Amino acid sequence: MGRIHRIFRLTPSELALLIKAGLLLWGIRLGLWLFPYERLERFLASVSDPRGEGPEARLLPSEPVVWAVRRASLLVVRATCLTQSLAVRVLLERRGFACRLFIGAGRGEYGAFSAHAWLECEGKIVIGELGAELYTPLLARKTRS
């Protein structure tokens, strides 16, 4: 019951961002299941056009976007670090931020192969920061300048 009450305390803009994040996460999750990564990457680049948001959106910090994606990811099946990083990237790039997606590999528990994704925005890791230093970046994609 507490979670429902918290939703009613959100401002209209916070609620709209939470809904956008949820829909985007579900779309990305489905895209990762159904399409090759490169095809999904091209589609996300097309919806990340910064002209989609008003000029005032650039003034907003990245924290509300990361908060919304983390909250909404609780309702998405297998919302992995890659799913969340891609969603944050789309939402921030629509606001005109320059982002760089990293996908890295390393050794997890018991020496098994492990992969991780994180997103850097304007020189700072905004999502996926936990343990990112343990991974060797294999792919770094800068999508906006």
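The values are calculated or read from the model by the stated rules, or taken from the named source; none is laboratory data. It should be emphasised that the depicted structure is a prediction, and the values quoted were computed from it without experimental measurement. Every residue, glycine among them, receives a Cβ derived from its backbone with ideal geometry; neighbour counts consider all protein chains shown.
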Checklist entry - Within the stretch 108-128, restricting attention to residues that are farther than 18 Å from Val90 by Cα and not aliphatic (A, V, I, L, M), which residue is surrounded by the most Cβ atoms within 10 Å (Cβ to Cβ)? => result His116
Item to check | Residues of the stretch 110-145 classified as assigned to a strand (DSSP E or B) and closer than 17 Å to Arg70 by Cα, total | outcome: 9
Next on the checklist: Checking Arg89 against (1) at pLDDT 90 or above; (2) in a strand (DSSP E or B); (3) not hydroxyl-bearing (Ser, Thr, Tyr), only one condition comes out false. Which one?
Outcome noted: (2)
Checklist entry - Do we find that Ala57 is among the aliphatic types (A, V, I, L, M), more than 23 Å from Thr11 (Cα to Cα) and at pLDDT below 90 in this structure? => result no
